[in-house]
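In what follows, a single structure is set out as structure tokens and then discussed.
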Amino acid sequence: MKQLLFLLLLPLYLQAFQQAPKPAKSAGDQIQLTCKIVEAPPNAETIFVYEQVGMASREVARGTRQPDGAYVVTMPAAEPRIYSIGFSDAQTGRIILGKEKDLTLWANAQFMEKGRTLGSEINKAYETMRTKAEQLRSTSDQLRNEQRQARAAQNAAAMKTAREQLVAHEQEKTRFLADLKKSNPIIWHAATLLLSPEDVSETTGATTELDFYGKQFFGYANLSDPAYETIPELYDAFQAYVALVSQLGASAAACKDMANTQLAKLNAGTNAYRRAFAGIVTGMKTANHPDQAAFSQQYINTYRSKDLGEITRLESELRKTSTFTPGMEAPDLAGPTPDGGSYALSQMRGKYVLIDFWASWCGPCRRENPNVVALYGKYKSKGFEILGVSLDRDDAAWKKAIEQDKLTWPHISDLQGWKSQHAALYSVSSIPQTLLLDPQGKIIQRNLRGEQLAEKLREIFGE
């Protein structure tokens, strides 16, 4: 609703600007951007201009709040580039800055991506391009869906109509891109990443959609062109690419191969490569791809020495998501024991380990304990161990429950209840929860209880 209200009121804001006194002209080789931000955070004295680099953003300029409430950014004139602007890099809009000396951005702080720029021909063209590209993508989705339905129904007439419509649509897109290439190369490069060709082959059975888009998704863009070094839409395109091939049914292995094939078209030492790599990582997380953790770790290893703030964040996310992924190494857990000592999960390396998140006050946990006690007695001598991780707050209640339920395996707790750092590390939001680990400390399966746990242990140890 706020977004709609802002868009409805935008013409009034622009009219008010046209009637308001114009800012002082920039001097020499400086440009001046005046930001009129609706619903700006009350304590925000600074707005930032960023360059997107991979999964992070690098600050290139900042503007301060003026007495009239506007924010003024001054930066050196240069070749036009696409930047992001906002009060933080978590919520930004894109803008082209370079040679135009004085321009004004109108935006709502909650919808920076919907902002509009006055006094800037290049930004007017950029905003128009993005709106048109969105319309063309919507039409593509509609026509592709109609083609799928016609193929599924084996309706020859409908298939012919769908193909004719796609051919006409493809021609519209190529004309649109050709006109942009003539008028503004930077906007054209961005547009080639926002649009994809249509499969208008005569023989509909000769190729699948997955075959076509796996190879032709970037058909309008020559990814080896160094001009893509400064185009942030590269991140969006690779994220969309992974999402599309996954949606079209690509196996995990095929999706990984396709992504790597497209990534290899870029120079590994460039910002363009980093943006594309980041788009793949984000796309895999969105698609819940089984290799998302491996790609995230590869990104971390590649850019750790060039960290712009995203590596720590990504490592934290990876630690949490890895606890849901079979085959990933479980993060170490260490904490106080009931007798006042300390114990760590890593001390159990070499054995099959069940990490059991529980609490004395948890009824389902206490009801499951007799089953776990029986399995522990049966398989302990064969190399089975348990680490109890309690979400208790009351030390006495924790110790009493251990004694009453005869839980003779090692236990730890930071006695912080739901604020437990152990629970946070493993993304535990309900209990009981368990993780079964192999002797190398890698996750076999999460949330095995009752007969499922007994069956898995029989599979590992035999009767």
#### Entry: Column: log10 I(q)/I(0), Debye, Cα scatterers of segment 184-275, q = 0.18, 0.23, 0.25 Å⁻¹
-0.81, -1.19, -1.33
### Task
Find how much the distance from Ala334 to Ala396 grows on full extension, using 0.36 nm per residue of separation minus their present alpha carbon separation; answer in nm with one decimal.
20.3 nm
#### Entry: Cα Rg, Dmax (largest Cα-Cα span) when computed across segment 275-404, Å
19.0, 56
### Task
Among the trypsin sites (Lys or Arg not before Pro) in segment 242-298, which ones are in a DSSP loop with at most 16 other Cβ atoms within 10 Å of the Cβ? Mind listing them?
Lys265
### Message
Give me the Å³ per residue figure for the convex hull around the C-alpha atoms of segment 209-257.
### Response
76 Å³
### Query
For the chain, what is the relative contact order in percent, using Cα pairs closer than 8 Å and at least 6 residues apart in sequence?
10 percent
#### Entry: Residues Ser224, Ser84, sorted so that the one with the fewest Cβ neighbours within 10 Å comes first
Ser224, Ser84
### Query
Mind listing which GluC sites (Glu not before Pro) in segment 232-331 are in a DSSP loop and have 11 or fewer other Cβ atoms within 10 Å?
none
### Query
Can you run phi through the Karplus equation (6.51, -1.76, 1.60; θ = phi - 60°) for segment 283-289 and list ³J(HN,Hα) in whole Hz, with x for Gly and Pro?
x, 5, 5, 5, 7, 6, 6
### Query
What trypsin sites (Lys or Arg not before Pro) does segment 400-463 have in DSSP loop regions with at most 15 other beta carbons within 10 Å?
Lys406
### Query
PRE reach from Gln416 (point 7 Å along Cα→Cβ): which of segment 295-328 fall under 14 Å by backbone N?
none
### Summary
One quarter of the C-alpha convex hull surface, i.e. the mean projected area of segment 334-461 in nm², amounts to 6.9 nm²
### Summary
Extension length gain for Asp257 and Arg313 (0.36 nm per residue less Cα distance), in nm, is 17.5 nm
### Task
Give the percent of DSSP beta bridges with both residues in the chain that are antiparallel, rounded to the nearest 5.
70 percent
## Note on the structure
Env charge @ Arg274, Cβ radius under 13 Å, K,R +1 / D,E -1, value 0
### Query
How do Thr104, Thr64 rank when sorted from fewest to most other Cβ atoms within 10 Å of their own Cβ?
Thr64, Thr104
### Task
Compute the long axis of helix 252-263 from its Cα atoms, compare it with the longest principal axis of the Cα atoms of the chain, and write down the angle in degrees, 0 to 90, nearest 10.
40 degrees
### Summary
Between Gln433 and residues 5 or more places away or on another chain, the pairs with built amide H atoms under 5 Å apart involve Phe357
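Taking the Cβ of Trp188 as the center, what net charge do the other residues with Cβ under 10 Å away carry, scoring Lys and Arg +1 and Asp and Glu -1?
+1
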### Message
For the chain, take the longest principal axis of its alpha carbons; what is the angle in degrees between that and the long axis of helix 156-183, to the nearest 10 within 0 to 90?
### Response
70 degrees
### Task
Would you mind checking the tilt of helix 450-461 against the longest principal axis of the Cα atoms of the chain, expressed as 0 to 90 degrees and rounded to 10?
80 degrees
### Query
Per 10 Å bin, what is the whole-percent P(r) computed from every C-alpha pair distance within the chain?
4, 16, 20, 19, 17, 14, 8, 2, 0
### Query
Using the Karplus equation 6.51 cos²θ - 1.76 cosθ + 1.60 (θ = phi - 60°), what ³J(HN,Hα) coupling, rounded to whole Hz, does each residue of segment 349-360 give in order, writing x for Gly and Pro?
3, x, 10, 6, 10, 9, 8, 10, 7, 8, 7, 5
#### Entry: Contour minus Cα-Cα distance for Glu113 and Arg366 (0.36 nm per residue)
86.0 nm
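Computed from the coordinates by the stated procedures, all read-outs in this text should not be read as laboratory data. Values in this document were obtained by computation on a predicted structure and should not be read as measured data. Using ideal geometry, Cβ is built from the backbone for each residue, glycine included, and neighbour counts are taken over all protein chains shown.
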